[in-house]
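The values are calculated or read from the model by the stated rules, or taken from the named source; none is laboratory data. Treat the numbers as computed from the prediction; the structure is a model and nothing was measured. Virtual Cβ from ideal backbone geometry, glycine too; neighbours counted across all protein chains shown. The accessibility values were calculated without ligands, DNA or RNA, using every heavy atom of the protein model including side chains. Shrake-Rupley method; radii C 1.70, N 1.55, O 1.52, S 1.80 Å.
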Amino acid sequence: MFVILAASIVAAGQTFTCTPTHVWDGDGPVWCAEGPHLRIAGIAAREMDGACRSNQPCPSASAVEARDALVGLLGGPRGTIPTGHVVVRGPRLTCRSEGSAGGSRTAARCLLPSGADLSCAMIRTGTVLRWDRYWKGPACR
């Protein structure tokens, strides 16, 4: 039996660890083994139904392309669960919360073990766009 647990919001400004276990789409949520569900801050991906919300940037890449790019950065697919989330066994991320992203999601900027910024890494895949309204990070290199 599969059980979905409610995630708590990590307070803005707090640093936390996220070991990714599940991915929904190209900008999250990413479920962390430690409990939080994170929304990758400062980027926008298509919704899984292919739509873009009217108040956000709309990348040309499909939702599946963006999700698969994120899954690749987080260790690759290990299967799916009944909700449609892709199971990953990702590297431990170091994240800094930007507070609530709505619902039970924490908006966060995260670093991969290499030190690369995850938001920037996703932008480099060409499957998501920078969302200036929520971009609080440095310029991507």
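Points worth noting:
- Qualifying residues in the range 72-89 (those that are in a strand (DSSP E or B) and in contact with a helix residue (DSSP H, G or I) (Cβ under 8 Å, 6 or more places away or on another chain)) - the one surrounded by the fewest Cβ atoms within 10 Å (Cβ to Cβ): Pro77
- When we screen Arg67, Arg92 for residues that are more than 24 Å from Ala139 (Cβ to Cβ) and crowded, with 20+ Cβ neighbours inside 10 Å, the only hit is Arg67.
- Taken together, Ala51, Ala69 contain a single residue that is outside any helix (DSSP H, G or I) and among the hydrophobic types (A, V, I, L, M, F, W, C), which is Ala51.
- Checking Arg78 against (1) touching an Asp or Glu at 6+ places or on another chain (Cβ under 6 Å); (2) free of Cβ contacts under 8 Å to residues at least 12 places away in the same chain, the condition it does not meet: (1)
- One residue stands out among those in the range 100-132 that are open to solvent by 60 Å² or more (accessible area, probe 1.4 Å), basic (Lys, Arg) and touching a residue at least 24 places away in the same chain (Cβ under 8 Å): the one that is nearest to Ala63 (Cα to Cα), which is Arg130.
- Whichever residue in the range 104-141 is in a loop (DSSP other than H, G, I, E, B) and in contact with a Cys (Cβ under 9 Å, 6 or more places away or on another chain) and, among such residues, is nearest to Leu70 (Cα to Cα): Cys140
- Scanning the range 85-95 turns up one or more residues that are touching a strand residue (DSSP E or B) at 6+ places or on another chain (Cβ under 6 Å) and under 18 Å from Arg124 (Cβ atoms).
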